[in-house]
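Engineer: Following this message is one structure expressed as structure tokens.
The values are calculated or read from the model by the stated rules, or taken from the named source; none is laboratory data. These numbers come from a predicted model, not from an experiment. FYI the Cβ positions are ideal-geometry reconstructions off the backbone, even for glycines, and counts take in every protein chain you see.
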Amino acid sequence: MTVQNKSNQIPEWVILNNQILDGDGNIKDLNKDKEAVRSYFLNHVNKNTQFFHSLEEKIEYLTENGYYETEFLDKYDFEEIREVYDIAYDAKFRFPTYMGAFKFYNDYAMKSNDSRRVYLERYEDRLSIIALYHADGDVELAKRLIKSLIAQDFTPATPTLLNTGKKKRGEFVSCFLLEVDDSLNDIARVQEFAMQLSKLGGGVSINLTNLRAKGESIKDIPNVAKGVVGVAKLLDNAFRYADQMGQRQGAGAVYLNVFHSDIEDFLSTKKLNADDDVRVKTLSMGVVMPDKMIELAREDKDMYVFYPHTVYQEYGIPFSDIAIDMDKWYETLVNNPKVRKRKINPRKLFDMIAQLQGESGYPYIMYADNVNKENPLADPIKFSNLCTEILQPSIVSHYANYDKHTEDEIGLDISCNLASGHMGNMIKNNSIQETVFAAMEIMNSVSEKTNISHVPAVARANRIMHSVGFGIMGHHGFIAENFISYGSPEDIDLIDVFFNIVNYHSLVHSMEKAKETGVKFYGFERSKYADGSYFNDRGQVLPQTDVIKTMFESIDIPTDEDWAQLKQDVIEHGLYNSNRLAVAPNGSIAYVMSATPSLTPIKQIVEERTYGNSKTYFPMPASDVAGFMYESAYSMDKYKIIDVIATAQKHVDQGISFELCITSDETTRSLQKYYLYAHYQGIKTLYYTRTKKLNIDECESCAV
């Protein structure tokens, strides 16, 4: 059904959704969103969904016409398939928000290949296929998975949700991290790999720290190296070219250690007034910041930055492996006359970073020592991904000169196998353990069923590390619903207890998988898990505030004895997964889950998105009864946000995607204070800084 509006045919559900707000942008009627959902299904989804007389007819049609793979369905009797579908449909799931329903049917539901583009799946169908595919013939596991999925206790990441079970599909993996070595062969191969991975739909992050700086020698000819900016420009163009068949732009990021001599040129590529010859237009950018820089800035001392090729010539070690441990190497490099270096002012570099953050949102920051002090694995973590939550060790590859018949030396690159739980549903359904186990099963299946063979270092790492990343969404919505203020003592208490439980169960599942299969991740014997030191100072975390005590009174909290037994079990049996937890920003799937994204606070109590020629509005959960509890990330005390993220970070082995949201009156000095406080509190990474022009009315909750 459509309604005439001047010259445009605007669907009724869009008009209803838009009536949430009045003409001045104030909240008018939140019930209009529920009306919009009903209208969307009645007048659009139901009328544009392929009708089948039975489940048998549906499955037969979708397999015979090349929509579904058949191999995974052949592992079940049809009655077993029916059982899984029945669980999904018997749940009587209804999307609570128009945005959730629209996002799923617009972006994730399978559509026919013909010009009709009708829906071939409902939400229940997509989740049933995910459960059946990743259970791999184990019907009892499939039933456990579908119960968690349809309850929206968790959801797989976008590529897994979108592609699972499809005959013509992309990969299940969200993103990739590549480290480039210092030769033209390596640069060329990494550019090729980046384009291939971008074509598959994955975001790609690349560590440029090993590349020789501008003005270094090549084949002993001085001052001919072009530096990292030229390579960044190559990659920028590559990602724009490999744009996933025009469906969306390729997404790439580059990282550079601050002790690389090209650091200022690297940052300047994101200046608003940068010349087109050096400006990097679409590529994201991050810096790796060791504590040594912060120490030198605090003491107002000069800081030396180094020319990587001279370091490699002197020590035979890639510069990224040295620059990540500047507490050990800095004085050695400074005092070695054969290592080329120059002085800069670290405070001015801090100013430059803060100014760029305010202008463009970049660079991301990875606090190298915070990351590696808490890294339970033996090899160092040298950079992060597009969303700054993936923190895993990498080993650089060396690609050969094929005319000399030498062999490639394949290291370890990184792929991100992700899923995210809904904090509120996991607590309300008393399903923390079941949810973590279900999510780990699907992420492990993604890892095992993924072979990016044309990027050998990614394929090798995925095969031997089995790294996954379970994250959380829905935090701000859940605490608002329970009348808890963001960053309050009750909120900190909730985060501490909840993430302690999640960490425990992820370890238990990984240990049991290792025990069952006899397989441990590569390098387990050298890790802090193997000698038990990871478990030092870990144990039961009990609620301290009355509100959280009541919230967890029926939830089992692992005891000190449970943790002690787990320690012994891990030492004896090992862990299957090298990494387990990572909190992604999960914006798209948060809409499908009708949840606030990640752990960070909301930006608007009614979020606005533009699709095509219309606007879609997403009111925050429980905003009809608890809207006054919401405060915007832009107006909120940033130190409280940092405290929340830091509390969760104690329990998360990888990172947490953490945006700073500031208003335009913030100074670079105040930004630097946030950086230093975040570093002091043990934050591992900072994602975007988003700047909002200051308006008279900044309080989101006042509009309710």
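Engineer: Counting only residues that are more than 22 Å from residue 356 (Cβ to Cβ) and among the hydrophobic types (A, V, I, L, M, F, W, C), which one in the range 307-325 is surrounded by the fewest Cβ atoms within 10 Å (Cβ to Cβ)?
Structural biologist: 317
Engineer: For the list (1) more than 33 Å from the chain's Cα centre (by Cα); (2) within 16 Å of residue 261 (Cα to Cα); (3) not basic (Lys, Arg), I need the number of the one condition that residue 315 fails.
Structural biologist: The number of the failed condition is (2).
Engineer: Counting just the residues of the range 491-544 that are assigned to a helix (DSSP H, G or I) and among the basic types (Lys, Arg), which one comes out surrounded by the fewest Cβ atoms within 10 Å (Cβ to Cβ)?
Structural biologist: 526
Engineer: For the range 85-107, how many residues meet the condition of being outside any helix (DSSP H, G or I), free of Cβ contacts under 8 Å to residues at least 60 places away in the same chain and either of a type in the set (D, E, K, R) or farther than 18 Å from residue 49 by Cα (or both)?
Structural biologist: Number satisfying all stated conditions: 2.
Engineer: Out of everything in the range 163-182 that is of a type outside the set (Lys, Arg) and part of a strand (DSSP E or B), what residue ends up being nearest to the chain's Cα centre (by Cα)?
Structural biologist: Going through the qualifying residues, I end up with 175.
Engineer: Same structure again: In this structure, does residue 193 turn out to be more than 30 Å from residue 92 (Cβ to Cβ) and in contact with a Gly (Cβ under 6 Å, 6 or more places away or on another chain)?
Structural biologist: When the stated conditions are applied, residue 193 does not pass them.
Engineer: In the range 571-590, how many are surrounded by fewer than 24 Cβ atoms within 10 Å (Cβ to Cβ), in contact (Cβ under 8 Å) with a residue 60 or more places away in the chain and in a helix (DSSP H, G or I)?
Structural biologist: Residues that pass the stated criteria total 2.
Engineer: List, please: which pairs have Cβ atoms under 7 Å, are six or more places apart or on different chains, and start with a residue in the range 31-60 that is farther than 14 Å from residue 125 by Cβ and end with one that is charged (D, E, K, R) and surrounded by fewer than 19 Cβ atoms within 10 Å (Cβ to Cβ)?
Structural biologist: 39/12; 43/12
Engineer: Which residues, taken from the range 240-274, are among the hydrophobic types (A, V, I, L, M, F, W, C), modelled with pLDDT of 95 or more, outside any helix (DSSP H, G or I) and under 19 Å from residue 351 (Cβ atoms)?
Structural biologist: Matches in the range 240-274: 256, 258, 259.
Engineer: Okay, moving on. Taking the conditions exactly as written (among the acidic types (Asp, Glu), closer than 25 Å to residue 663 by Cα and part of a helix (DSSP H, G or I)), does residue 351 satisfy them or not?
Structural biologist: Judged against the criteria, residue 351 is a match.
Engineer: Test of understanding: among 307, 364, which residue is in contact with a Gly (Cβ under 6 Å, 6 or more places away or on another chain) and of a type in the set (Ser, Thr, Tyr)?
Structural biologist: Selected residue: 364, the only one of 307, 364 that is in contact with a Gly (Cβ under 6 Å, 6 or more places away or on another chain) and of a type in the set (Ser, Thr, Tyr).
Engineer: Among the candidates 381, 365, single out the residue that is crowded, with 24+ Cβ neighbours inside 10 Å and outside any loop (DSSP other than H, G, I, E, B).
Structural biologist: 365
Engineer: Any idea which residue in the range 349-381 is modelled with the highest pLDDT, counting only those that are out of contact with any Lys or Arg (no Cβ under 7 Å at 6 or more places or on another chain) and small (Gly, Ala, Ser)?
Structural biologist: Ranking the qualifying residues of the range 349-381, first place goes to 368.
Engineer: Just one of 223, 237, 185, 210 is of a type outside the set (A, V, I, L, M), free of Cβ contacts under 8 Å to residues at least 12 places away in the same chain, closer than 30 Å to residue 304 by Cα and not in a strand (DSSP E or B); which is it?
Structural biologist: None of the others qualify; the one that does is 223.
Engineer: Filter the helices (runs of 4 or more DSSP H) completely within the range 403-488 down to those with at least 1 residues that are among the aromatic types (Phe, Trp, Tyr).
Structural biologist: Once the helices (runs of 4 or more DSSP H) in the range 403-488 are filtered for at least 1 residues that are among the aromatic types (Phe, Trp, Tyr), what remains is 432-449, 475-481.
Engineer: Right, something else. Which condition from (1) in contact (Cβ under 8 Å) with a residue 12 or more places away in the chain; (2) surrounded by 15 or more Cβ atoms within 10 Å (Cβ to Cβ); (3) assigned to a loop (DSSP other than H, G, I, E, B) is the one that residue 292 breaks?
Structural biologist: (3)
Engineer: Considering only the range 70-77, I want to know if a residue exists there that is in contact with a Pro (Cβ under 7 Å, 6 or more places away or on another chain), part of a loop (DSSP other than H, G, I, E, B) and not polar (S, T, N, Q).
Structural biologist: no
Engineer: Among the residues of the range 57-96, what is the count of those that are aromatic (Phe, Trp, Tyr) and more than 20 Å from residue 134 (Cβ to Cβ)?
Structural biologist: Residues in the range 57-96 being aromatic (Phe, Trp, Tyr) and more than 20 Å from residue 134 (Cβ to Cβ): 2 in total.
This table checks each residue for (1) buried (at least 24 other Cβ atoms within 10 Å of the Cβ); (2) basic (Lys, Arg); (3) out of contact with any strand residue (DSSP E or B) (no Cβ under 9 Å at 6 or more places or on another chain).
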| residue | (1), (2), (3) |
| --- | --- |
| 199 | no, yes, yes |
| 205 | yes, no, no |
| 210 | yes, no, no |
| 219 | no, yes, yes |
| 231 | no, no, no |
| 237 | no, no, yes |
| 259 | yes, no, no |
| 264 | no, no, no |
| 268 | no, no, yes |
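Engineer: Something else about it: Within the range 620-693, considering only helices (runs of 4 or more DSSP H) that don't extend past its boundaries, which have at least 3 residues that are free of Cβ contacts under 8 Å to residues at least 60 places away in the same chain?
Structural biologist: By residue number, 638-649, 668-680.
Engineer: Against the definition (over 30 Å from residue 259 (Cβ atoms), surrounded by fewer than 24 Cβ atoms within 10 Å (Cβ to Cβ) and either more than 17 Å from the chain's Cα centre (by Cα) or modelled with pLDDT under 95 (or both)), how does residue 189 come out, yes or no?
Structural biologist: Judged against the criteria, residue 189 is not a match.
Engineer: Next question. I'm checking my understanding of the structure. Among residues of the range 14-38 that are touching a strand residue (DSSP E or B) at 6+ places or on another chain (Cβ under 8 Å) and part of a helix (DSSP H, G or I), which one is surrounded by the most Cβ atoms within 10 Å (Cβ to Cβ)?
Structural biologist: Among residues in the range 14-38 that are touching a strand residue (DSSP E or B) at 6+ places or on another chain (Cβ under 8 Å) and part of a helix (DSSP H, G or I), the one surrounded by the most Cβ atoms within 10 Å (Cβ to Cβ) is 17.
Engineer: Which numbered condition trips up residue 277, out of (1) closer than 13 Å to residue 349 by Cβ; (2) loosely packed, with under 15 Cβ neighbours inside 10 Å?
Structural biologist: It is condition (1) that residue 277 fails.
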